[in-house]
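Below is one structure, written out as structure tokens; the observations come after it.
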Amino acid sequence: MASQQQLSVIKGAKVLMVGAGGIGCELLKTLALSGFQDIHIIDMDTIEVSNLNRQFLFRKSHVGLSKAKVARDAVLRFRPQVSITSYHANVKNQEFNVDFLKQFSVVLNGLDNLDARRHVNRLCLAADVPLVESGTTGFLGQVTVHVKGKTECYECQPKPAPKTYPVCTITSTPSKFVHCIVWAKDLLFTKLFGDKNQENDLNVRSSDPASSSDHAEDIFQLNKDETIEHYGRRVFDHVFGYNIEVALSNEDTWKNRNKPRPIYSRDILPEEPTKQNGNTDKNCATDDQSLISAMTSLGIKNPQEIWSLMENSRIFIEAIKLFFTKREKDVGNLAFDKDDQLAVEFVTAAANIRAESFGIPMHSLFESKGIAGNIVHAVATTNAIIAGLIVIEAIKVLQNDANNYRMTYCLEHPSRKMLLMPVEPFEPNKSCYVCSETPLSLEINTHHAKLRDFVEKIVKAKLGMNFPLIMHGAALLYEVGDDLDEDMVANYTANLEKVLSELPSPVVSGTILSVEDLQQELSCSINIKHRDEFDEEKEPDGMVLSGWQQTPLEKDDCNKTLGNGESTSKTLPSAPDADKYDDSDMVASGRKRKLDEAVNISGEANSSKKPEVLDDDDDDLVMLDDGDNGDPAINKKKRLQ
């Protein structure tokens, strides 16, 4: 039972929730049942079918509606006396600024991406409002408390960067099933059913002018008077046969690799169209085009079975037929959606055929959907536990009970006979550029790099600023805002295309730039160091920022990269929320944080590793590591006293 003091602070608190997903649904319910009277909730997402297994406030009839609004309405049905205000909007919108946050007693995060988390962290620091962060992945979960000046902020520790893969690995030398999924989803699916004019690294024609006419034109163009069956086989033979033979012609590539096997439709499927054993009438009858299914047409039922090469080939051809006959209006505008049954079937079949060619084990539709959709299958019970812990920490924050703040980690297996591991919060990191304003250092070729490169690759992509203002001394080089007049906009636009050393106030080695985000009320200084050359493989941006940590790419011999879900028209890694799933063990690479003696409640060092785990489609988790080689004193950090 809560004490009178706790009840008093609960009833008087004004709480902001950010996120109404897996954790958010549980959290809103728990807040309402705990006696909180004034709750505001922000979420830009709408409800999807895949949410329904764990986001219990939603029903099938709610698919497509605002998560924040539906969650509000659901809770008000059993707690009508509570004031709940919902915002179907992006928390990064300008209306949710520092002044907006100042009205709240505490902010509770249940977000699904690093960029938004960083943004909320900075707003909370500027508004001096405590933040309680959270995340879950399967049976693992965490709750952390961030109070300005007392504990570390969310960005005091580097976060794992999203996993990206060199384009040449995806297109030429895949070694993991996830490589095949990225190829099928982001290259082949996009080329067949998306924008055909989009730049794409898929080989669509022969590079040999003397080759047959079948490969002289864009192979993905459906010809007049051509049957869909013939078109599907032609695409099949090109991507799984001809392209593999072209790849095999480069003998140096395969000196230290297993050679792939070309696969042609004539070797797998009969010449005449395959007779269907399934129910084509069901595909004709459905009004929901996302439910049209090649599996249904072919009588294949179990999504957890691994299909044979023939079954994958039949699904591949049948999916193309259904897209061009039942969903012809969508072709040319489609993007992969994990809730689109036919899209998932096509990607699974294409990835499996490619995997078979390269000697990689095939996967079931269920497994493939998880990889393609970046799904780490969530556990509703974990979300409920974490939501309860969030409320416990929020009450401590409201009581200003700093001595009892805890970062709590929910474990899958008991450690020291505990499934919940409480840890005292760390003190602020003095080298954190966000909460300690430590200067950063940037190595860049000031004679070649333009201001636009600096803004896009550093200020926005790595520092996460949305409305940057860049100054060199008293000279304003760049600014973003709605209140700028036309002459100022034209001037700043012109500056973007200028080389750094040729700006009105030249940026050269030794220059100190001041960069500020007016919305986040965040500022930092960047020391510029000129450097003539960069390693194209290891430093593809052509600049290196010190004080900002990034996980390195897989080792390879090329510098273009793809994330699981990134457009192939880009050569840079995707935003931090792009890739959340590793097909082998779901453990992300990146730096681990250490637990010191304060964690060892039993008085014994525990050398077992708890991995860093990336977030699922709702929530984020970064687990701790309690010591290096059994020594908990290594990398010891100061804790809040």
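What residue, among those in the range 11-54 that are in a helix (DSSP H, G or I) and charged (D, E, K, R), is farthest from T382 (Cα to Cα)? Walk me through how you get there before you give the answer.
Within the range 11-54, the first condition is being in a helix (DSSP H, G or I), and the residues that meet it are 11-12, 22-34, 49-51.
Right, trim to charged (D, E, K, R) and you get 11, 26, 29.
Numbers: K11: 27, E26: 10, K29: 15 Å.
Looking at the filtered set, the residue picked out is K11.
With the requirement that a residue be crowded, with 20+ Cβ neighbours inside 10 Å, of a type outside the set (F, W, Y) and more than 30 Å from Q341 (Cβ to Cβ), what does the range 33-58 give you?
I39, H40, I41, I42
Given the condition in contact with a Lys or Arg (Cβ under 7 Å, 6 or more places away or on another chain) and either surrounded by fewer than 17 Cβ atoms within 10 Å (Cβ to Cβ) or modelled with pLDDT of 95 or more (or both), answer yes or no: does some residue in the range 301-316 qualify?
For the range 301-316, residues in contact with a Lys or Arg (Cβ under 7 Å, 6 or more places away or on another chain) and either surrounded by fewer than 17 Cβ atoms within 10 Å (Cβ to Cβ) or modelled with pLDDT of 95 or more (or both): absent.
Can you pull out every residue in the range 175-199 that is in a loop (DSSP other than H, G, I, E, B) and either modelled with pLDDT of 95 or more or within 19 Å of F366 (Cβ to Cβ) (or both)?
K176, the sole residue that qualifies.
Does S61 count as crowded, with 18+ Cβ neighbours inside 10 Å and not in a loop (DSSP other than H, G, I, E, B)?
For S61, the condition - crowded, with 18+ Cβ neighbours inside 10 Å and not in a loop (DSSP other than H, G, I, E, B) - is not met.
Evaluate the following for K430: is it among the basic types (K, R) and not assigned by TED's automatic domain parsing to the domain that holds S505?
yes
With D43, D38, D115, D73 as the choices, which residue is out of contact with any strand residue (DSSP E or B) (no Cβ under 8 Å at 6 or more places or on another chain) and under 30 Å from C435 (Cα atoms)?
None of the others qualify; the one that does is D115.
Only one of these is within 23 Å of S313 (Cβ to Cβ) and either touching a Pro at 6+ places or on another chain (Cβ under 8 Å) or at pLDDT below 90 (or both): S207, S172. Name it. Lay out the reasoning, then the answer.
Details: S207 fails: within 23 Å of S313 (Cβ to Cβ).
Sole residue among the options that is within 23 Å of S313 (Cβ to Cβ) and either touching a Pro at 6+ places or on another chain (Cβ under 8 Å) or at pLDDT below 90 (or both): S172.
Among the residues of the range 249-261, is there at least one that is touching an Asp or Glu at 6+ places or on another chain (Cβ under 9 Å) and either within 26 Å of G299 (Cα to Cα) or modelled with pLDDT of 85 or more (or both)?
yes
Could you please find all residues in the range 120-147 being in a loop (DSSP other than H, G, I, E, B) and under 25 Å from V9 (Cα atoms)?
Hits for the range 120-147 are D128, V129, P130, V147.
All but one of (1) at pLDDT 95 or above; (2) within 21 Å of Y242 (Cβ to Cβ); (3) more than 26 Å from the chain's Cα centre (by Cα); (4) not in a loop (DSSP other than H, G, I, E, B) hold for R266; state the number of the condition that does not hold.
R266 satisfies every listed condition except (1).
Each row is one residue, and each column tells you yes or no for (1) under 26 Å from V9 (Cβ atoms); (2) in contact with a Phe, Trp or Tyr (Cβ under 6 Å, 6 or more places away or on another chain); (3) assigned to a loop (DSSP other than H, G, I, E, B).
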{"residue": "N90", "(1), (2), (3)": "no, no, yes"}
{"residue": "F100", "(1), (2), (3)": "yes, no, no"}
{"residue": "G149", "(1), (2), (3)": "yes, no, yes"}
{"residue": "P158", "(1), (2), (3)": "no, no, yes"}
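Please state which one of K529, K538 is assigned to a strand (DSSP E or B) and open to solvent by 70 Å² or more (accessible area, probe 1.4 Å). Walk me through how you get there before you give the answer.
Details: K538 fails: assigned to a strand (DSSP E or B).
The conditions single out K529.
Residue-wise test of (1) touching a strand residue (DSSP E or B) at 6+ places or on another chain (Cβ under 8 Å); (2) outside the structural domain of A126 (by TED's automatic domain parsing); (3) within 18 Å of Y433 (Cα to Cα).
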position: F467; (1), (2), (3): yes, yes, yes
position: I470; (1), (2), (3): yes, yes, yes
position: L484; (1), (2), (3): no, yes, no
position: L496; (1), (2), (3): yes, yes, no
position: L500; (1), (2), (3): yes, yes, no
position: P504; (1), (2), (3): yes, yes, no
position: S514; (1), (2), (3): yes, yes, yes
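Mind checking which residues of the range 102-119 are outside any strand (DSSP E or B) and open to solvent by less than 50 Å² (accessible area, probe 1.4 Å)?
F104, S105, G110, L111, D112, N113, L114, D115, A116, R117, R118, H119 - these are the residues of the range 102-119 that are outside any strand (DSSP E or B) and open to solvent by less than 50 Å² (accessible area, probe 1.4 Å).
Just checking, how many residues over the range 70-98 are open to solvent by less than 60 Å² (accessible area, probe 1.4 Å) and over 18 Å from V480 (Cβ atoms)?
Of the residues in that region, 14 qualify.
The values are calculated or read from the model by the stated rules, or taken from the named source; none is laboratory data. Quick caveat, the model's predicted, so the values are computed rather than measured. We place every Cβ from the backbone using ideal geometry, glycine too, and count neighbours over all the protein chains shown. What goes into the accessible areas is simple: the full protein's heavy atoms, side chains included, and nothing from ligands, DNA or RNA. Shrake-Rupley method; radii C 1.70, N 1.55, O 1.52, S 1.80 Å.
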